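Throughout, read-outs are computed from the coordinates displayed, never taken from laboratory work. Predicted, not measured: the structure shown is a model, and the values here were computed from it. So basically every Cβ, Gly included, is an ideal-geometry build from the backbone, and we count neighbours across all protein chains shown.
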Amino acid sequence: MTANGYKRLEDELRNLRSVERPAVIRAISEARDHGDLSENAEYHAARERQSFIEGRVMELEDQISRAEVIDVSKLSGDTIKFGATVILEDEDSGTEQKYQLVGAAESDIKSGLLSITAPLARALIGKSVGDTVEVTAPRGAKSYEIVSVEYR
């Protein structure tokens, strides 16, 4: 996991513990004050939210405790490995896409964070600038040329 990904997990955990958890406890308390709990939709919704929060807290605590944080800024080289930021050119359309190869827990394709376990990332590992990779996608095979590789 990258240092940025680790920080995001810690921030989410801190928010759940200090903001979301107390808010849902207040919501449960207020719903209890409304009377009969068996027919109280607010109470059931708050309990469901509490269950989600507690599950997510446990999941984040587990991920944080098992995380191996890698400082990408200390990495270098011409070949693609974990933490690399790559620019790829789609050989069919000519459009360029920028991705950073990150751990599965921190991946977010819309933000350009590509999970190291994704088929495209696995195809990129060990390649360098100028190489072409072909990946089978749901819409058929896609071919990309590696335009740049950097570590930052």
Q: Return the subset of LYS74/LYS110; LYS98/LYS127; LYS7/LYS142 for which the Cα-Cα distance in this structure is over 22 Å, preserving the input order.
A: LYS74/LYS110; LYS7/LYS142
Q: Could you go through the stretch 105-113 in sequence order and give the Karplus-derived ³J(HN,Hα) for each residue, using 6.51 cos²θ - 1.76 cosθ + 1.60 with θ = phi - 60°, rounded to whole Hz, and x for Gly and Pro?
A: 5, 10, 5, 7, 4, 5, 9, x, 9
Q) Under a 5 Å amide H to amide H cut-off, with H placed in plane at 1.01 Å, what residues pair with LEU113 once short-range neighbours are removed? A) GLN100, ASP108
Q) Just in the stretch 46-119: which GluC sites (Glu not before Pro) are loop by DSSP and have at most 11 other Cβ atoms within 10 Å? A) GLU68
(Q) Can you compute the helix-only [θ] at 222 nm over the chain? Use -39500 (n - 2.57) per DSSP H run of at least 4 residues, normalise by all residues, nearest 500 deg cm²/dmol. (A) -12000 deg cm²/dmol
Q. Rounded to the nearest 5, what % of the DSSP beta bridges within the stretch 72-150 are antiparallel ones?
A. 85
Q: For ALA41 and ILE87, compute 0.36 nm times the residue count separating them, minus their Cα-Cα distance, and round to one decimal in nm.
A: 11.6 nm
Q: Using the Karplus curve 6.51 cos²θ - 1.76 cosθ + 1.60 with θ = phi - 60°, work out ³J(HN,Hα) for each residue of the stretch 68-75 in order, rounded to whole Hz, and write x for Gly and Pro.
A: 10, 8, 10, 7, 5, 5, 8, 8
Q: Go ahead and collect, in residue order, the members of the stretch 97-120 whose backbone nitrogen is under 11 Å from a label point 7 Å along the Cα-Cβ direction of ASN4.
A: 99-102, 108, 111-114
Q) Regarding the chain, what whole-number volume in Å³ per residue does the convex hull of its Cα atoms give? A) 140
Q) Scattering from the C-alpha atoms of the stretch 72-150 alone, worked out with Debye: what is log10 I(q)/I(0) at q = 0.13, 0.22, 0.23 1/Å? A) -0.34, -1.02, -1.12
Q.
Please list, in order along the stretch 137-152, the HN-Hα scalar couplings obtained from phi with the Karplus expression 6.51 cos²θ - 1.76 cosθ + 1.60 (θ = phi - 60°), rounded to whole Hz, x for Gly and Pro.
A. 10, x, 9, x, 6, 10, 10, 10, 9, 7, 8, 8, 9, 8, 10, 8
Q. Counting only residues 5 or more places away or on other chains, whose amide H sits under 5 Å from the amide H of ASP131 once H atoms are built in the peptide plane?
A. ILE146
